Amino acid sequence: MQDIFIVGAKGIGNYGGYETFLKKLIETDRNDMNIRYHVACKYNGQGAMNEKLLSGAKSLDDHHFQYYNANCFKINVPKKLGSAQAVYYDIAALKKCINQIQKGKIKHPIIYILACRIGPFMGKYARRIHSLGGKIYVNPDGHEWMRAKWPKVVRKYWKLSESGMVKHADLLICDSVNIEKYIQKEYKRYNPNTTFIAYGADVRKSVLSDNSPKFKEWLAKSKLKVDNYYLIVGRFVPENNFETMIREFMRSKSKKDLAIITTSNSSFLNSLNRKLHFDKDSRIKFVGTVYNQELLKKIRENAYGYIHGHSVGGTNPSLLEALGSTKLNLLLDVGFNKEVGYDAALYWNKDNGNLASLINLADGMRASTITRYDKLSTQRIKEKYSWKYILNKYKKVWGN
């Protein structure tokens, strides 16, 4: 029996990269009697786990539930900690894992930590885990210390924390080749042991039909027409380059709409509008969030094209989902995105007029050319990023 303890996700579900990954991982391995997962989840606060919304989960008590072959436990997080909640949560979850290993006399456990939030504290916990015969695996995620949403002092902490996690990890599982190269180069002094396993994606079609009332209602509410809108999906933060994408779309000659599915951030929205005055352009449509995954897949399938501006991170889930579902994809030309899209997408940079010109080009493309890109992107996901392919690689890492 191999016990895998997982720390760092808010829970198990369909929204959020790590949360979706855990759901797919456990569902795939649910009949494997040689693997037992132990998953830390948030009890309270933003993103708190509610297993009643997770089909197949069985509540055991207020702080514990079973999800197939995963024993899940919830961690209380004090609200007064503010932005430090994530650090507290990971440390508390790690302590709980160590306690369970000791109490259950579990041999050769693997502790898989998602993201690099607790590096300054890892030394003593690493020594304790190693003394119990355990190993520490870390998913370094993207460059958290580069995200513009953090104040300078917080970014310094994230960089320091990343260093600590790399130093004490027995294995770093990088979801991007570029992240793996960065880890090897930046932390050469630690001689890091790394491997590359990407995030996964689903290539099946939405269960909703084109005439589904749910989809037709969304189109009507958003004032959009099938195959007549470009789509952006992602968190509304500066490093996802919303300013460039909206500005360039406004510069383009496109008669199509730009549908933006994103999280709420009124201060950033107002600041952006003062710069761009996009409220005067009827093509720019902020259409809120879409949590229904089948509806979101249907929206992707019926977009004319997808525009992706993420500039920080590893293998981005929304990019994989777009390549698997949307016919034509216009991606910011950075290593992370090009590594995934390869020759199955079009690329733009942040120079004035570059994306606008690409949108004009895409608008005039022949149907046969768009079909060719559609087939290339779907095949790309099937061969390199399908969940089955990704999770088989994890089984090898677990030793199964």
Share antiparallel - DSSP beta bridges, the chain, percent rounded to 5: 15 percent
The stretch 258-400: C-alpha gyration tensor shape, a/c 1.5 cut-off, then a/b vs b/c: prolate
Placed amide H near Asn329: partners under 5 Å, 5+ positions off or other chain: Tyr306, Leu346
Sum of side-chain charges, Tyr88 neighbourhood, beta-carbon under 12 Å (Lys, Arg +1; Asp, Glu -1): +4
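Ignoring ligands, DNA and RNA, what percent of the 1.4 Å accessible area of the chain is carbon and sulfur?
Solvent-exposed carbon and sulfur of the chain make up 51 percent of the total.
Highest first, please rank the peptides 190-198, 293-301 by the mean number of other Cβ atoms sitting within 10 Å of their residues. The partial results should precede the final answer.
Numbers: 190-198: 15.8, 293-301: 20.6.
Put in order of decreasing packing, that is 293-301, 190-198.
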Degrees, to the nearest 10: 177-186 long Cα axis against longest axis of the chain: 60 degrees
Dimensions (Å) - the stretch 69-136, Cα atoms, principal axes, largest first: 37, 27, 18
Most positive-pole-ward Cα, Ser59, Cys72, Pro120, against dipole of the stretch 35-174 from beta carbon charges: Pro120
Over the stretch 12-142, equivalent-ellipsoid semi-axes from the Cα gyration tensor in Å: 22, 20, 14
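Which pairs break 26 Å Cα to Cα here: Lys96/Lys152; Lys124/Lys388; Lys42/Lys285; Lys181/Lys395; Lys135/Lys395?
Lys96/Lys152; Lys124/Lys388; Lys42/Lys285
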Accessible area in square angstrom per residue, the chain, 1.4 angstrom probe: 46 Å²
Long-range HN-HN contacts of Ser386 with modeled amide H, under 5 Å: Ala201
Spin-label zone in the stretch 182-203 - amide nitrogen under 15 Å from a point set 7 Å from the Cα of Lys393 along the C-beta vector: 182, 194-202
Whole-number percent relative contact order across the chain, with pairs defined as alpha carbons under 8 Å at least 6 apart: 13 percent
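The values are calculated or read from the model by the stated rules, or taken from the named source; none is laboratory data. Note that this is a predicted model, so its numbers are computed, not measured. Methodologically, a virtual Cβ is constructed for each residue, glycine included, from the backbone with ideal geometry; neighbour enumeration extends over all protein chains shown. In case anyone asks, the SASA skips ligands and DNA or RNA and just uses the protein heavy atoms, side chains included. Shrake-Rupley method; radii C 1.70, N 1.55, O 1.52, S 1.80 Å.
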